[in-house]
Amino acid sequence: MTNNKLISNKIKKFKELIENSENILFFGGAGVSIESGIPDFRSEKGILKQ
C-alpha cells in the first residue's frame, strides 16, 4: 500500500469516527488558533491587550 493510500484510508476512518460521534472534544494550541485567524492572548494583538 502506498503512503498516499494509507493516509487516505486513515482520513476516511477519522471522518467516519467524527460522523458517528455524538460529542467531539478538540484540544488545540496557539499554533492551530493563530493559523486559523483566532487571536491569541499574549501577543501585541492578543486578547489581553485589547
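The values are calculated or read from the model by the stated rules, or taken from the named source; none is laboratory data. The structure presented is a predicted model; accordingly, all values stated were derived computationally and were not measured. Note: ideal-geometry Cβ built from the backbone for every residue, glycine included; neighbour counts use all protein chains shown.
Observations on the model:
- Test result for Gly37, at positive phi and of a type in the set (Gly, Ala, Ser): yes
- Evaluating Ile11 against the criteria (1) assigned to a helix (DSSP H, G or I); (2) at pLDDT below 90 leaves one unmet condition, (2).
- Pairs meeting the criteria (first residue in the range 20-38 and closer than 20 Å to Gln50 by Cβ and in a helix (DSSP H, G or I), second residue at pLDDT 75 or above and among the acidic types (Asp, Glu), beta carbons under 8 Å, at least 6 apart or on different chains) are Ala30/Asp40; Ser33/Asp40; Ile34/Asp40.
- Within the range 1-12, being of a type in the set (Lys, Arg) and either surrounded by 10 or more Cβ atoms within 10 Å (Cβ to Cβ) or touching a residue at least 60 places away in the same chain (Cβ under 8 Å) (or both) holds for Lys10, Lys12.
- The residues on offer are Glu22, Glu44, and the sole one that is modelled with pLDDT of 95 or more and more than 17 Å from the chain's Cα centre (by Cα) is Glu22.
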